[in-house]
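Below is one structure; the comments refer to it alone.
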Amino acid sequence: MDNSNSQGSGGFKAGLGNLFGGGAPEYSNTELAGVPLTGMSPLSPYLNVDPRYLVQDTDEFILPTGANKTRGRFELAFFTIGGCCITGAAFGTINGVRMGLKETRDMAWSKPRNVQILNIVTRQGASWANTLGSVALLYSVFGVAIEKVRGAEDDINTVAAGTLTGMLFKSTSGLRGVARGGLAGLALSGAYALYSNWNNITGSSSSSSRLY
């Protein structure tokens, strides 16, 4: 009697399973043990899901034909300019507070002193934001232009754009100013290129030390 009831309930469940997407595939413990579940919690064997379909071995985004996975200089230019403007405004604000407190230290805390400090903070924030934003704009323009001319994207473009940016930014200070600006741009861009390739440099040096 019990066997007939269990068989009947099993047949009813199987019928519902066939009605709503087919019956659940049965896998042995050996097959389930061999399924890689990297980064996933163990799945219940009672779920009507094949675990092998949950493992993603390919990229989860689609790129146009011939497109790169990394953004180019033109796409990064907007982020660079905006980030430099925000950084300059923040640094100018902090510097303005310092200068305002220093210049008004002989004044008592009152509305005129607060207004004077606020004016200094606003002036310093705008000045630093304008300066760093202009530098970032020049660097981005030179970087994109050099990339288009050379037809390649590497660290040479970074160093060349940084050097030209420093030279043009200090072009109103005479030849010495141009030379100093170029050297400063060369040093900063070279340091950035070295930092961005530090993992490759250390990896190549460690591998060469193991070989020899």
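Scan region 71-106 residue by residue and report those that are outside any helix (DSSP H, G or I) and farther than 22 Å from residue 158 by Cβ. If you could, list the steps in order and put the result at the bottom.
Narrowing region 71-106 to residues outside any helix (DSSP H, G or I): 71-72, 104-106.
Within region 71-106, 104, 105, 106 qualify.
Here's the yes/no breakdown for (1) out of contact with any Gly (no Cβ under 8 Å at 6 or more places or on another chain); (2) modelled with pLDDT under 90; (3) open to solvent by less than 60 Å² (accessible area, probe 1.4 Å):
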| position | (1), (2), (3) |
| --- | --- |
| 73 | no, yes, yes |
| 79 | yes, yes, no |
| 95 | yes, no, yes |
| 105 | yes, yes, no |
| 109 | yes, yes, no |
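Scan region 168-185 for residues that are open to solvent by 100 Å² or more (accessible area, probe 1.4 Å), of a type outside the set (D, E, K, R) and over 17 Å from residue 134 (Cβ atoms) and jot them down. Talk me through it step by step, then tell me what you get.
So in region 168-185, the residues open to solvent by 100 Å² or more (accessible area, probe 1.4 Å) come out as 172, 175-176, 180, 183.
So of that shortlist, the ones also of a type outside the set (D, E, K, R) come out as 172, 175, 183.
Of everything in region 168-185, those that are open to solvent by 100 Å² or more (accessible area, probe 1.4 Å), of a type outside the set (D, E, K, R) and over 17 Å from residue 134 (Cβ atoms) turn out to be 175, 183.
Quick grid of which residues meet (1) in contact (Cβ under 8 Å) with a residue 12 or more places away in the chain; (2) assigned to a helix (DSSP H, G or I); (3) at positive phi; (4) not hydroxyl-bearing (Ser, Thr, Tyr):
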position	(1), (2), (3), (4)
108	no, no, no, yes
142	yes, yes, no, yes
145	no, yes, no, yes
159	yes, yes, no, yes
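Looking only at residues in region 148-160 that are over 21 Å from the mean Cα position of the chain (by Cα) and open to solvent by less than 50 Å² (accessible area, probe 1.4 Å), which one is modelled with the highest pLDDT?
Kept after step one, since they are over 21 Å from the mean Cα position of the chain (by Cα), are these residues of region 148-160: 148-152, 156, 160.
Those still in the list that are open to solvent by less than 50 Å² (accessible area, probe 1.4 Å) too: 152, 160.
Numbers: 152: 81, 160: 92.
Once the filter is applied, the top-ranked residue is 160.
The values are calculated or read from the model by the stated rules, or taken from the named source; none is laboratory data. Just so it is clear, the structure is predicted and the values come from calculations on it, not from any experiment. Using ideal geometry, Cβ is built from the backbone for each residue, glycine included, and neighbour counts are taken over all protein chains shown. What goes into the accessible areas is simple: the full protein's heavy atoms, side chains included, and nothing from ligands, DNA or RNA. Shrake-Rupley method; radii C 1.70, N 1.55, O 1.52, S 1.80 Å.
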